[in-house]
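Student: Mind looking over this structure? Questions follow.
The values are calculated or read from the model by the stated rules, or taken from the named source; none is laboratory data. Nothing here was measured: the structure is a model prediction, and the numbers come from that model. Note: ideal-geometry Cβ built from the backbone for every residue, glycine included; neighbour counts use all protein chains shown.
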Amino acid sequence: MEAVLEDLGGPMASILANNSMLSRGLVLRSSSNQISVQFMTDKGVWVRFKHLLSVSFALSCASPLAPENGEVSVTGLQVGDVAYFSCLIGYQLQGPSSLTCRNATTLYWSGREPISCGGMVKNATQGRIVSPGFPGNYSNNLTCHWVLEAPEGHRLHIHFEKVALDGSNIDSPPLYDSYAVEYLPTEGVTSTGRHLFVEFTSDEMGTCTGAAIRYEAFAQGSCYEPFVKYGNFSTSDPAFGVGSVVEFTCEPGYTLEQGAIILECVNDENPQWNETEPACRAVCSGEITDSAGVVLSPNWPEAYDKGQDCIWGLHVEEDKRFMLDVQVLRLGKNDLLTFYDGDDLTANILGQYSGFLPRFRLYTSTADVTIQFQSDPASNVYGYNNGFVVHFFEVPRNDTCAELPEISNGWKSTSHPDLTHGTVITYQCYPGFRLQGSEILMCQWDLTWSGDVPICEKIMSCDEPGLLDNSRRLVTGSRFAVGSYVEYICNKGYSLSGPGVLTCYSRDTADPKWSERLPKCVPADSEFDVVEGVNIAVAVLIPVAVVLMLLLVVFLCCFVCLCRAQSKTFQLPGSSSPPYDNMTEESAFDNPVYETGVSMDAMNLRDVGSHNTIVLS
């Protein structure tokens, strides 16, 4: 038996399922309103087809695409629904402003989606104009107008990044391409006033990449700001007045070509640069002695040309080797990228590649490597962002891994200075920063590190403060960020012991911290008992303290009196008469005994023994 289910909606029937796919419970969907079911059996063979359930569902149009720098809104995707298109301010719509979903075997929109191009750019200080679809090809039958208006007292300068327009045939050269052609234009276009009109039109025949134009406004009495794609410049005067000097450099993998590396703004009456700006391009072939860098396919990220044969030679010191990190490899099926483990094309081949491949790495066994790229002469240009990007690094001999960089706001420690197999590098962050990535990296047997270099990020939040039993909490802010606070509220029957609100605050040299310790929720009766016990203790201790103070005062008074009494006890020598012979008249008169005329009997003097000792009592 043979069973076939087909969708009849297209120009040709498409198979939905056959014998190899049919199974119990299988669900099939057609893309149209017609489906064919065929059963074919051999003669004399009995076939039982138990149940085939068909359910209809509404077809729909595909979701329309919004134009670049524009918007789309739809009333629906069923038959009769409408899609409306509009452009953002400063752009104009090219094409229909609305499309209708129409009924057929397969639903479709009544036309192609429009595009946004052209428009009015007010207060134009610096920007870019590109043809529709750039860096892809533009469409046919386009007319785009741009009007640029600079601020008062300024003029406009146009720099042509790329102008690649369709000529009489597909092989016609571009009018101008700043990173593909072998010449540069003049100084571009400078307006005489504050307005500039740009028009882009295409016919109904062929298409091409189109145009990319950079504009900038500049004040009277100064030169316009220079520009170099895939490069940078430094200047002695940010205002670019007369006499200012600029110097250009290229990004890694690009080379300065044509033009001058150093320009000077001259001519007081009509300021202008004395030379044309240079161009930074990814070139075909070269000799490189840098310890690290990039090799790019010709014209990257633009498409490379057909029929190219490029050779790059990389060289380092004899006791060093190369690590090649092939980050991008998107080539045509007949294009070749070859790596040679030596300084010429006779060396051993490390690898030869074509087509699309994910990122991979290669290691050389010598101090030289040769890279050769060959593009098929018969194929057309492959497209934007297709080619290759190879980063290279100088590394020690093949028994060690590559040196890893330091990290900002942190430091690294190495278990072995030579980075041999098994070496471990540990990364740590300064206080107030948190490590993002792997803390420990190990040098593996294939001379690669076990992970990427981590980074230290500023900690901008506190740790989870925790929950309290018998309570709930209110949190302001997200993820306990600096400045947020947490408020704890105890359940009924419990009261808070400690601060109820904790605030997360930052510290310059440490992690953010909560302003208080975590409180507790204690039973309300327990808290009252504690307070009452404290009051009783205070009531008892105060009288005890007063009594102790009084006892101390009494003791001190007794001690002082005893000391004075001991100082008045004395013994007289053998004579029974007091020694008054040496007294003066005044002192004898002051004696109270003589003043009152008290007799010796009244003083209770008695003889106590043969030693003539007299005791005064």
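Student: Determine the pairs where a residue that is without any contact (Cβ under 8 Å) to a residue 60 or more places away in the chain, located within the range 113-141, has a partner that is among the charged types (D, E, K, R) and assigned to a loop (DSSP other than H, G, I, E, B) with Cβ atoms under 7 Å apart, the partner being 6 or more residues away or on another chain.
Tutor: The qualifying pairs are Ile115/Glu68; Ser116/Glu68.
Student: Oh, and also: Look through the range 67-83, keep the residues that are without any contact (Cβ under 8 Å) to a residue 40 or more places away in the chain and surrounded by 14 or more Cβ atoms within 10 Å (Cβ to Cβ), and return whichever of them is nearest to the chain's Cα centre (by Cα).
Tutor: Checking each candidate, the answer is Val74.
Student: Hey, another quick one. Is there a residue being β-branched (Val, Ile, Thr), modelled with pLDDT under 80, outside any strand (DSSP E or B) and in the same structural domain as Gly133 (by TED's automatic domain parsing) anywhere in the range 186-200?
Tutor: Yes, there is a match, as at least one residue in the range 186-200 is β-branched (Val, Ile, Thr), modelled with pLDDT under 80, outside any strand (DSSP E or B) and in the same structural domain as Gly133 (by TED's automatic domain parsing).
Student: Select from the range 394-419 the residues that are surrounded by fewer than 13 Cβ atoms within 10 Å (Cβ to Cβ) and assigned to a strand (DSSP E or B) and list them in ascending order.
Tutor: Matches in the range 394-419: Trp411, Ser413.
Student: OK, next. Criterion first (within 22 Å of Asp290 (Cα to Cα) and crowded, with 16+ Cβ neighbours inside 10 Å) does Tyr363 satisfy it?
Tutor: It is true that Tyr363 is within 22 Å of Asp290 (Cα to Cα) and crowded, with 16+ Cβ neighbours inside 10 Å.
Student: Search the range 110-151 for residues being outside any strand (DSSP E or B) and under 20 Å from Glu225 (Cβ atoms), and hand back the single one that is nearest to the chain's Cα centre (by Cα).
Tutor: For the range 110-151, the residue satisfying everything is Thr125.
Student: Sticking with this one: When you check Ile425 against the structure, is it hydrophobic (A, V, I, L, M, F, W, C), exposed (fewer than 15 other Cβ atoms within 10 Å of the Cβ) and at pLDDT 90 or above, yes or no?
Tutor: no
Student: Residues of the range 445-461 being under 30 Å from Tyr505 (Cα atoms) and of a type outside the set (Val, Ile, Thr), which ones?
Tutor: Hits for the range 445-461 are Pro454, Cys456, Glu457, Lys458, Met460, Ser461.
Student: Out of everything in the range 448-468 that is at pLDDT 90 or above and of a type in the set (D, E, K, R), what residue ends up being farthest from Trp514 (Cα to Cα)?
Tutor: Across the range 448-468, the extreme among qualifying residues is Asp452.
Student: For residues that are in a strand (DSSP E or B) and either buried (at least 17 other Cβ atoms within 10 Å of the Cβ) or not charged (D, E, K, R) (or both), tally how many sit in the range 299-324.
Tutor: Here the count works out to 10.
Student: Restricting the search to the range 262-283, which residues are modelled with pLDDT under 90 and either of a type in the set (Val, Ile, Thr) or under 30 Å from Leu336 (Cβ atoms) (or both)?
Tutor: Of everything in the range 262-283, those that are modelled with pLDDT under 90 and either of a type in the set (Val, Ile, Thr) or under 30 Å from Leu336 (Cβ atoms) (or both) turn out to be Thr276, Ala279, Cys280, Arg281, Ala282, Val283.
Student: Which of the residues spanning the range 212-263 are of a type in the set (D, E, K, R) and over 26 Å from Leu196 (Cα atoms)?
Tutor: Matches in the range 212-263: Asp237, Glu247, Glu251, Glu257.
For every residue, the table says whether it meets (1) at pLDDT below 75; (2) of a type in the set (Phe, Trp, Tyr); (3) farther than 18 Å from Cys101 by Cα.
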residue: Met1; (1), (2), (3): yes, no, yes
residue: Val27; (1), (2), (3): yes, no, yes
residue: Ser31; (1), (2), (3): yes, no, no
residue: Val37; (1), (2), (3): no, no, yes
residue: Leu53; (1), (2), (3): yes, no, yes
residue: Leu59; (1), (2), (3): yes, no, no
residue: Pro64; (1), (2), (3): no, no, no
residue: Leu77; (1), (2), (3): no, no, no
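Student: Consider the range 284-298. How many of its residues are in contact with a Phe, Trp or Tyr (Cβ under 8 Å, 6 or more places away or on another chain) and assigned to a loop (DSSP other than H, G, I, E, B)?
Tutor: Going through the range 284-298 one residue at a time, the tally reaches 5.
Student: For the range 237-260, how many residues are in contact with a Gly (Cβ under 8 Å, 6 or more places away or on another chain) and more than 25 Å from Asn299 (Cβ to Cβ)?
Tutor: Looking only at that region, the number is 3.
Student: Can you pull out the strands (runs of 3 or more DSSP E) entirely within the range 432-523 that have at least 1 residues that are under 22 Å from the mean Cα position of the chain (by Cα)?
Tutor: Fully inside the range 432-523 and qualifying: 433-436, 440-442, 455-458, 501-507, 510-514.
Student: When the range 155-185 is examined, which residues are found to be at pLDDT 60 or above and more than 37 Å from the chain's Cα centre (by Cα)?
Tutor: Arg155, Leu165, Asp166
Student: With respect to Glu394, is the statement that it is among the acidic types (Asp, Glu) and under 31 Å from the mean Cα position of the chain (by Cα) true?
Tutor: For Glu394, the condition - among the acidic types (Asp, Glu) and under 31 Å from the mean Cα position of the chain (by Cα) - is met.
Student: Something else now. Which residues, taken from the range 431-442, are surrounded by 13 or more Cβ atoms within 10 Å (Cβ to Cβ) and touching a residue at least 24 places away in the same chain (Cβ under 8 Å)?
Tutor: If the condition is that a residue be surrounded by 13 or more Cβ atoms within 10 Å (Cβ to Cβ) and touching a residue at least 24 places away in the same chain (Cβ under 8 Å), then Gly432, Phe433, Arg434, Leu435, Leu441 are the ones that fit.
Student: Are there any pairs with C-beta distances below 6 angstrom linking a residue in the range 338-358 that is more than 21 Å from Val389 (Cβ to Cβ) to a residue that is part of a strand (DSSP E or B), with the two at least 6 apart or on different chains, and if so which?
Tutor: Gly342/Asp368; Asp343/Asp368; Ala347/Tyr340
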